[in-house]
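The values are calculated or read from the model by the stated rules, or taken from the named source; none is laboratory data. Predicted, not measured: the structure shown is a model, and the values here were computed from it. Counting neighbours? That spans all protein chains shown, and the Cβs are built from the backbone with ideal geometry, glycine included.
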Amino acid sequence: MRSQFVGLMSFLIVAGSALGQDKAAPTEAKKSDVDEKAVRTLINQLADNVFEVREAAQKRLTEIGEPALEALKKAAKESGDAEAKQRLGQLIQAIQSSFFVEVRRFEPHNNWISRLAVTPNGQQVVAALRFGSLQSWNVNDGKEAIAFDWKATIPSWALTLSRDGQRLLVGSEDRVARIFDMKSGKLIKELKGHTGGVTGAAFLPDGKRAITGGADRSLRIWDVESAKELRAFENVPDDVHCLAVSPDGKLIAVGHTNGYEKPGTIRLWDLDSGREVRTLPGHTMRLCSVCFSADGKTLLSSSIDKTVRLWDVSSGQVLKTFQGHTGGVEGAVFTIDGKRVLSVGNEANPVVMMWDVASGALLFQTTPTDAGLLDVVALADGRHCLTSGKDGIVRLWQWKR
């Protein structure tokens, strides 16, 4: 009893000194105002024998916020106390979540949103509904923007805009890829030739051609104006699950799959010859997304194996592995400056995480959403991103730093 009383008194003295002269301290202290020794003492008290001491220490650390974050992360790695470790994890997540704020929601009619595309100016977002057609909103006010003249009940798993933002390409499970006009919403062309669902699609940089990939183990190049197939790649070994075109239009990165739990393989294909250039093995389960950096020198991939990987395109070597998701990673993209990576988790870990490209460190993450997330796109302002999910909601997020 005496040791508990002493522990409680010790906490009150330290907490009082940490609060200092300003009794009405702000909920988030400035780093220069925080006593590092007091922070370490508070962290130690997360493992105290007295429940009230543990609770009060956690409350005060929450109030301190970001200035205590690095000390909390260090303690979480070193702590051997189960409850302290749990409290440290809660504190880290709460502080990191405060950096990432949900700004707005766009909600269709109770439907999964499988893929997103955003116009180059960041003003409109288009969503492919898994059991419906297409829907579009103005990002600034949340109002519906475009009425597409396509009513469908088939899933669509590929969605992309041309570089000028004037045309939209959609790949669907009915084996057809469709091109829409972004001003009128009208269906312009249908690209027919696949014998399996179209699961990957992209415009080439010239805007005159498009490439599609499917569950029929094929990659096909199309003329956009005539909707004629120009060429099919030969010797494609596995189903295509996702694809991306390099900024210079010379390489196609393809996430191949031959089963949900079987290793996924990334292959780089030369556009002109249609031949495989390089194989990037490493992911242990299905690939979910691939994305080139703005300079085309690196490639980002996400997988059900809970990792995001950064690859060197010229050598095919892994440069970084971003680990922290506790479930499959459905999508990953670079921020506009290329210095950070955004990734989204499925229903086992429905969060948005932001990573530092140079160090590979997790910078912060959102609080868990109501359902698994399926896609993420970064806006050109460098401060916002959009996510889609199985709860039928498109969310606009803003990060504070």
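Quick look at the numbers
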read-out	value
Checklist (1) over 11 Å from the mean Cα position of the chain (by Cα); (2) within 20 Å of Ile92 (Cα to Cα); (3) not in a strand (DSSP E or B) applied to Phe322, failing item	(3)
Residue among Asp216, Asp181 that is touching a residue at least 12 places away in the same chain (Cβ under 8 Å), acidic (Asp, Glu) and in contact with a strand residue (DSSP E or B) (Cβ under 6 Å, 6 or more places away or on another chain)	Asp181
Within the stretch 251-274, considering residues that are without any contact (Cβ under 8 Å) to a residue 24 or more places away in the chain and in a loop (DSSP other than H, G, I, E, B), the one surrounded by the most Cβ atoms within 10 Å (Cβ to Cβ)	Pro263
Yes/no for Glu78 being farther than 15 Å from Arg40 by Cα and not assigned by TED's automatic domain parsing to the domain that holds Gly200	no
Only one of Arg163, Arg115 that is within 23 Å of Val352 (Cβ to Cβ), within 23 Å of the chain's Cα centre (by Cα), basic (Lys, Arg) and modelled with pLDDT of 90 or more	Arg115
Counted residues, the stretch 198-244 - those being of a type in the set (S, T, N, Q) and at positive phi	1
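Per-residue answers, yes or no, for (1) surrounded by fewer than 23 Cβ atoms within 10 Å (Cβ to Cβ); (2) over 21 Å from Val103 (Cβ atoms); (3) in contact with a Leu (Cβ under 6 Å, 6 or more places away or on another chain):
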{"position": "Asn346", "(1), (2), (3)": "yes, yes, no"}
{"position": "Ala361", "(1), (2), (3)": "yes, yes, no"}
{"position": "Phe364", "(1), (2), (3)": "yes, no, no"}
{"position": "Asp370", "(1), (2), (3)": "yes, no, no"}
{"position": "Asp375", "(1), (2), (3)": "no, no, yes"}
{"position": "Arg383", "(1), (2), (3)": "yes, no, no"}
{"position": "Leu386", "(1), (2), (3)": "no, no, yes"}
{"position": "Lys390", "(1), (2), (3)": "yes, no, no"}
